[in-house]
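For reference, the structure is listed below as structure tokens.
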There are 2 protein chains.
Amino acid sequence: MGVKRIMAAESAKLTAREAARRIAEGALTSADLVAACLECIAAEEERVQAWEFLDRDKAMAEAEERDRRRQRGWPLGPLHGVPVAIKDIVDVKGMPTGNGTPIDAGKRPFVDAAVIRRLRAAGAVILGKTVTTEFAYYHPGKTRNPHDAGRTPGGSSSGSAAAVAAGMVPLALGSQTNGSVIRPASFCGVVGFKPSFGAVPRTGMLTLAPSLDQVGVFARTIEDVALAELLMGPDGQDVDALESPGPLSGTALAEPPVTPALAFVKTPFWERADAETQAAFSELGEALGEQVDEVELPEIFVRGAGWLEGVMAAEMARNLGHYADRAPHETSEKFRGLVADGRAMKAPDYLAARDMRRVLRDALGPIFDRFDVIVTPAAPGEAPEGLESTGDPTFCSLWTFCGLPAISLPLMTGPNGMPLGVQLVGQYGQDARLLRTARWLVRTLSGEGNE
Amino acid sequence: MGVKRIMAAESAKLTAREAARRIAEGALTSADLVAACLECIAAEEERVQAWEFLDRDKAMAEAEERDRRRQRGWPLGPLHGVPVAIKDIVDVKGMPTGNGTPIDAGKRPFVDAAVIRRLRAAGAVILGKTVTTEFAYYHPGKTRNPHDAGRTPGGSSSGSAAAVAAGMVPLALGSQTNGSVIRPASFCGVVGFKPSFGAVPRTGMLTLAPSLDQVGVFARTIEDVALAELLMGPDGQDVDALESPGPLSGTALAEPPVTPALAFVKTPFWERADAETQAAFSELGEALGEQVDEVELPEIFVRGAGWLEGVMAAEMARNLGHYADRAPHETSEKFRGLVADGRAMKAPDYLAARDMRRVLRDALGPIFDRFDVIVTPAAPGEAPEGLESTGDPTFCSLWTFCGLPAISLPLMTGPNGMPLGVQLVGQYGQDARLLRTARWLVRTLSGEGNE
């Protein structure tokens, strides 16, 4: 029993790629892997509270079915038998979709979201649904930071980030409309990757703000978040998801042909960053020496976060305002305030703000002509204490607004020993190059780059 | 001289396809054709007032250059040497773009619009710029109806429709945000074709309401409007023009494989149609017998024109409101009213209205499952008397809003002997099938279908 337990804990800590490789080789069964994950959840869930819905028997049955397919010699997808956690705003057939609100309690979708169909096609086992904030906006769910249960895991993809950080699952799906993947990845010390806007179709997910909503993934390695390529490409329904920057793995796992150049961007919100964060980024800059230059954004970016907030308020009022009307007392004050703000916004002002997405994206052209990626904080600092807030998304706002691919890498530690993410931002559509540069950065900082 | 004049008048009346064929064969030069068109313009322009800008020498020089290319054995495009008239909201390098407003007088673009580049690539001679209403909205320009100079030619593509109707040019470009191609085609007795939304990129044209703005063409035959296929396909800039329903000619010029079925739709605005128009459509229905069934639109379509007006007001306020601010006294009261309406609209109401485009389009699915096209009036009646209004676009609003391909066929005559168009509307993206059915209808009504 003792040995088995150790083996289980080890399995649960495998990366998604390593787990898939072992399952494909017959060195591990999907059933053993899923059982190991469920064991880890049983041990940690009371403290972490990452899950909104979990059906252990169903998950085991799905794993066993994956094992039977392999035994029968069926062709195996790249995630065959690997469990994946799903943010509870994504429809999974046979599971409720809670959207972080009591108003949707018991709602059961009839069909899988596009991303779920693609995960299943790749062989993944859909393990369960993870906690989201209310409507994937600010009002927190029950999840705690696995590194310190008295601190927020960040939001809105709170449960997905925490589940990966706690070793409950190697891969989890999230979404980002402002800072909902990069921020919790930073707070929980995992790798969070948000591909370019439009790379992943959002069909079958809660619509917050279609001009901003973007799918993201959490994992423990850059190699694993590159599996987001399995989710990419048009699905014929999401009119914003018409192209794919993938495949990612080929480029992402390769060496850069020349040493990358990084643009360190403080953003107009630099004074919001903790003194420790500011100091940590100075150190990072020194460590990278001539590979990094500090670059100032054009003046116009000062207004970027405000434009994102306006677009978000208007579109969320349009898409989710009916919840505030139907059951105001079951919604948060913060959400009702957003709906009121969105309803007060004038249509031409909304359109003008939305048009700035392209203007700001184009304005970054000269930076991406000279640099491979932008380096910038993922959050103002480590996860704040308390569970009443999910922290400040501002360091994500500009990049989300422009729809640029972004990744948070758990490379730093804050003054209280909590994780602190380094955010890399790539040019639009250059998702693979972003991941390749991210791998280079990790190897360089660990000293491997000097070999 | 007399013979030459007759020949010239004859050349000017050629269809675009026939002219291109004769030029390619060496039976006609582009210079002779353009000279013939200029002669017709010289004779008719004082009465019709179709042109905003015309440089005779430049046009002749362009035609002669086309003839030289042919003589040198260069490959010829499908419009080689054929003159085309351009609505004065489309940028043509070397010509001013007036946009129907004194505020833009003297504005000269540096580059051709995407459609102009494509016309030139096909060998066309850009003859000149035709009169548009103010900002392609309601306030009329100087153009008169060639069939009765006391009546409006319709708008906003007034000059393009009138130029083709007067025999000044075989092909003209227009645009439609509500009823700006189909209505003037009906009033002027020419064929007007507005392809599916997004089929033709609008790069380099005045932006009114990007959710609604659609390019269209005027000609004397269905075969000629099928040349709109030359304008279709992504240009890498217009994010709404990502696919092409073309090529059109193959299908459009073929026989229908089975006898088409037509849905006669009165629309919720039937009472706006003249008694004579109503009677004419009854007769049309009788003539077509069992090929046509009257179909009622779902109840929700009652609100369609209002949604279009809301989207149009909000987007035009966003894109053109600055004109009303900069030079209010040089804008019309109607335009300023539109800007005020758009500025008063709330963002979520705008978004809700815009989302209805897809809802209404999808709601027509059951009709297009059973019928090839919808048959409906192009306008409430013949061109109204007077030049202070361009007439009522309401019979176009629903189809423009849904982005469906539509054509106006000059098949009827009103009580005063003025032309009256029959509008056919196709399923989204089924532009070729629409044109094929239109040809079938014309042949059937002329008795050829019974052979």
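Is the range B:224-241 home to any residue that is touching a strand residue (DSSP E or B) at 6+ places or on another chain (Cβ under 8 Å) and closer than 30 Å to B:Pro415 by Cα? Yes: the range B:224-241 contains one or more residues that are touching a strand residue (DSSP E or B) at 6+ places or on another chain (Cβ under 8 Å) and closer than 30 Å to B:Pro415 by Cα. Taking the range A:420-451 as the range and being closer than 18 Å to A:Val190 by Cα, of a type in the set (S, T, N, Q) and crowded, with 18+ Cβ neighbours inside 10 Å as the test, the residues that pass are A:Gln423, A:Thr437. Kindly indicate whether B:Ala287 is buried (at least 22 other Cβ atoms within 10 Å of the Cβ) and among the small types (Gly, Ala, Ser). So B:Ala287 does not fit the description; no. Screening A:Leu398 against (1) assigned to a helix (DSSP H, G or I); (2) in contact (Cβ under 8 Å) with a residue 60 or more places away in the chain; (3) within 14 Å of chain B (Cβ to nearest Cβ) leaves a single unmet condition, (3).
Within this structure, A:Ala185 passes the test of being closer than 17 Å to A:Thr413 by Cβ and not in a loop (DSSP other than H, G, I, E, B). Filtering the range A:226-243 to residues that are out of contact with any helix residue (DSSP H, G or I) (no Cβ under 7 Å at 6 or more places or on another chain) and either free of Cβ contacts under 8 Å to residues at least 40 places away in the same chain or over 9 Å from A:Ala114 (Cβ atoms) (or both) leaves A:Ala228, A:Met232, A:Gly233, A:Pro234, A:Gly236, A:Val239, A:Asp240, A:Leu242, A:Glu243.
Checked against (1) among the small types (Gly, Ala, Ser); (2) open to solvent by 40 Å² or more (accessible area, probe 1.4 Å); (3) assigned to a strand (DSSP E or B), A:Gly417 passes all but condition (3). Filtering the range B:268-295 to residues that are in contact (Cβ under 8 Å) with a residue 40 or more places away in the chain and more than 24 Å from B:Leu360 (Cβ to Cβ) leaves B:Asp274, B:Glu276, B:Ala280, B:Leu284, B:Ala287, B:Leu288, B:Gln291.
Candidates A:Glu299, A:Glu309, A:Glu276: the one that is within 26 Å of the chain's Cα centre (by Cα) and either crowded, with 21+ Cβ neighbours inside 10 Å or away from chain B (no Cβ under 14 Å) (or both) is A:Glu276. Of the residues making up the range B:355-388, those that are surrounded by 18 or more Cβ atoms within 10 Å (Cβ to Cβ) and either within 14 Å of chain A (Cβ to nearest Cβ) or in contact with a Lys or Arg (Cβ under 7 Å, 6 or more places away or on another chain) (or both) are B:Met356, B:Arg357, B:Arg361, B:Asp372, B:Ala378, B:Ala379, B:Pro380, B:Ala383, B:Pro384, B:Leu387. Candidates are the residues of the range B:343-354 that are within 8 Å of chain A (Cβ to nearest Cβ) and under 21 Å from B:Gly403 (Cα atoms); the one that is surrounded by the most Cβ atoms within 10 Å (Cβ to Cβ) is B:Tyr350. Here A:Val111 qualifies as in contact (Cβ under 8 Å) with a residue 40 or more places away in the chain, open to solvent by 10 Å² or more (accessible area, probe 1.4 Å) and out of contact with any Cys (no Cβ under 7 Å at 6 or more places or on another chain). Considering B:Glu52, B:Glu25, B:Glu46, B:Glu65, the condition of being surrounded by 17 or more Cβ atoms within 10 Å (Cβ to Cβ) and not hydrophobic (A, V, I, L, M, F, W, C) is satisfied by B:Glu52 alone.
In the set (1) surrounded by fewer than 14 Cβ atoms within 10 Å (Cβ to Cβ); (2) in contact (Cβ under 8 Å) with a residue 60 or more places away in the chain; (3) over 30 Å from A:Ala344 (Cβ atoms), the condition left unmet by B:Ala263 is number (1). Looking across the range B:313-342, the residues that are away from chain A (no Cβ under 11 Å) and crowded, with 19+ Cβ neighbours inside 10 Å come down to B:Tyr323, B:Ala324, B:Thr331, B:Phe335, B:Leu338.
The values are calculated or read from the model by the stated rules, or taken from the named source; none is laboratory data. Being a predicted model, the structure only gives us computed values, none of them experimental. In this analysis, Cβ positions are derived from the backbone assuming ideal geometry, glycine residues included, and neighbour counts consider all displayed protein chains. These accessible areas exclude ligands, DNA and RNA; they are computed on the full protein's heavy atoms, side chains included. Shrake-Rupley method; radii C 1.70, N 1.55, O 1.52, S 1.80 Å.
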